[in-house]
1. Would you say ASP196 is surrounded by fewer than 18 Cβ atoms within 10 Å (Cβ to Cβ), more than 37 Å from the chain's Cα centre (by Cα) and modelled with pLDDT of 95 or more?
2. Which of the strands (runs of 3 or more DSSP E) found entirely inside the stretch 1-105 contain at least 2 residues meeting this: modelled with pLDDT under 95?
3. Kindly list the number of the only condition in (1) open to solvent by 30 Å² or more (accessible area, probe 1.4 Å); (2) closer than 22 Å to THR525 by Cβ; (3) touching a residue at least 40 places away in the same chain (Cβ under 8 Å) that fails for THR464.
4. Take GLY629 and decide whether it is in contact (Cβ under 8 Å) with a residue 24 or more places away in the chain, assigned to a loop (DSSP other than H, G, I, E, B) and farther than 22 Å from GLY320 by Cβ.
5. Of the conditions (1) assigned to a loop (DSSP other than H, G, I, E, B); (2) open to solvent by less than 30 Å² (accessible area, probe 1.4 Å), TYR217 clears all except one; give me its number.
6. Identify the single condition in (1) touching a strand residue (DSSP E or B) at 6+ places or on another chain (Cβ under 6 Å); (2) within 30 Å of ALA312 (Cα to Cα); (3) open to solvent by less than 50 Å² (accessible area, probe 1.4 Å); (4) not small (Gly, Ala, Ser) that PRO98 does not satisfy, given that it satisfies every other one.
7. Could you tell me whether THR132 is hydroxyl-bearing (Ser, Thr, Tyr) and open to solvent by less than 10 Å² (accessible area, probe 1.4 Å)?
8. Of the residues PRO293, PRO249, which is surrounded by 15 or more Cβ atoms within 10 Å (Cβ to Cβ) and free of Cβ contacts under 8 Å to residues at least 24 places away in the same chain?
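The values are calculated or read from the model by the stated rules, or taken from the named source; none is laboratory data. Note that the structure is a prediction, hence the values are computed from the model and not measured. Here the Cβ positions follow ideal geometry from the backbone for every residue, glycine too, while neighbour counts run over all protein chains shown. The area values use the complete protein model at the heavy-atom level, side chains included, leaving out ligands, DNA and RNA. Shrake-Rupley method; radii C 1.70, N 1.55, O 1.52, S 1.80 Å.
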Amino acid sequence: MRKPRWLAVLAVLASLTFLAAPGETEVRAGGTLTTGSAPSQALGENIAYNVYLPSGYDRGTGRHPVLYLLHGRGDTMQAWTRVKTLLDDMIRTKRVPPVIAVMPDAPWSERGGWYVDSRYTGADLPGRPVETALTRDLVAYVDATYRTAPIREARLVGGYSMGGAGALRFALAHQDLFSAAAVLSPAAYTPLPPSDSSTRDYGAFGKDGEKFSDEVYRELNYPALLPKLDPDLPVRLFVAVGDDEYANPDPADARHDLDFESAALYNAARRSPALSAQLRVMDGGHDWTVWEPAFEQALAELGSGLSVTPPAGLPAPLSGTAGPDWAGGVAAHADGSLTIGYAAGGNAVLTRVGGWTKQLGTAADERLYGVAALPDGGVLAAGYTKGDLDGRHAGNTTDDAFVAGLDAAGAVRWITQFGVPGVADRLYGLAAAPDGGAYVVGYTKGALDGANAGDKDAILARLTPGGEVSWIRQYGGAGEDKAYGVAADASNVYVTGGAGATLPTAGPTAGPTTTTPGGWLAAFTTDGTRKWTATAGGTASDRLNAVAVTTTGLAVATGGVGGDAYTAAYTSQGKQRWQHTLATTLVEAGAAVVPLPGGEVEVAGYTRGRVSVPAGGADVLTLRLDGKGRQRAAAQLGTARDDGVDAFAEPNLYATATPSGEVAITGLTYGAPKGGDAPGNGDVFLVRTSPADPR
């Protein structure tokens, strides 16, 4: 924002065409524009504002998100009224929810107050507490006067030029109030403004008798705020600037051209764990040819994330340590108790909730990838170890598969460790067999059942109730092939996975016929004969993560295909009965399938998009499908950080049905639960949801 001041005068004169008489309501097609006045204890006077109320507001009873729109230096509250038609159109076409827009006037310091609390004491431009007045007094008055939702998820602050700098300041300094900011051509300079900037002229950043203080400016500017941000209160920023911004002819100040400063802001913001940022460079200069289309784009990106309902959080307490931890499974027992598994401190840990805890580990690393209940109250657990977990593999230093059986009191009955010496063998899935034994799946880089087909091959193994390995089947092609999920009934064993190249489609005599890369579901007989293979997707990043057998006998598999949560049901003969895809504009995937009465299933996974009310980062996704694959409910819950997925974008989430009809979900979270603390670096949550209300 620059001199000369006559440009600002013209802008004020131009904006007068939108002016309604004081206290009157201007009604156009769609919403209404009304003038108002809010008392301010901080200022000792009222704050004038325009307010946009969406169409039907006077007849409704519901609550609305609020936009706070800050004008530029020299302008008035009338400047933002020009977006009234745009708001009408975006609400009518459902690109944004029906919002209230508050456009405060900022006349203090000759309309150059920069939306901060000024410390300047000069008699010519006495400093005023503008920031306190607008963020506290005005927001409180708006919440008390209009049908708003007094939560941060329902508030967005936006502004252009001086107002863009103000919107940035408000969003970063008041995370408790605002969850998003539209920062347009922000006059936010680092580390200090150029010599000809009007930030130096009006006392906003002054101190005592000086109109401008380097110290005060640095203290209030965004670089000082970024390190103090709370990642548990995430803020979404949309930064936009014109490509024809004023180019300072002074080489010493060229760094402060606003296109350069906006890019610097974006690059600083995107590195903060508390912020998600986008940058747009528009065709135009420092005027409404940029600000109006940029505001439309900002609302299209940020408006859908506004919600009058707070996100559903994860309950306390979390399990874990101050180091990295991962979820490892959950099992429900007939008496209503739960056993969860997780990896903590490099060891596998099993906990009967409210009861015993058992650690399985060596001096090397262990990971747990499945827990299953036994009829007598005991549990099975599976994963991999780099050490000698069973006492029969001295000197082992590479990943070996292991399966353990524990009794109802947590005592170890047996541990079985197996693999090819010197190469990696891992288990990623576990299912209890009808006789009390186990089916486990994963991969080997060696040869456990004939020659290795290339790189990693998927494996399926059967263990007896006493822990002996009955048989192992190896399944792979020339690429990296892994099995992630397994389920069994009396006649069939179903395995899901991902293929890096091509796979044989049927049994050992199938010849050269192969599948494409991607997710796959294979059916085996209980003696390990492969019957058929079905595929999903067509790239190496597509995969099916889990499978379950429904009460009507269908094998339902879920995973991620094309960045969407994909679920499909097959008969025991390999015929697809239905498929379902849940897609947002971002990434999601199914990670677990839970059979429910009547052939229904609940899918649990993660989403980075908007399914109900986003909490931030990746959220836990719950999706209920009826016996024909029709969606009955979908919701998301979580913390402000990633939930249900690890730092390598791998799903880390498990679910099971409980005798009471609930669904128990456990998984990894990098955030903090509601009403509790997080040990840190990734911890494990446990939440119970009702199939009638998957939130």
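1. Working: surrounded by fewer than 18 Cβ atoms within 10 Å (Cβ to Cβ): yes; more than 37 Å from the chain's Cα centre (by Cα): yes; modelled with pLDDT of 95 or more: no.
So ASP196 does not fit the description; no.
2. Numbers: elements: 25-27, 32-40, 45-53, 66-70, 100-104.
Result: 25-27.
3. It is condition (3) that THR464 fails.
4. Numbers: in contact (Cβ under 8 Å) with a residue 24 or more places away in the chain: yes; assigned to a loop (DSSP other than H, G, I, E, B): yes; farther than 22 Å from GLY320 by Cβ: yes.
Taking the combined requirement at face value, the residue satisfies it.
5. (1)
6. Every condition holds for PRO98 apart from (3).
7. Numbers: hydroxyl-bearing (Ser, Thr, Tyr): yes; open to solvent by less than 10 Å² (accessible area, probe 1.4 Å): no.
Criteria not met by THR132.
8. Exactly one residue qualifies, and that residue is PRO293.
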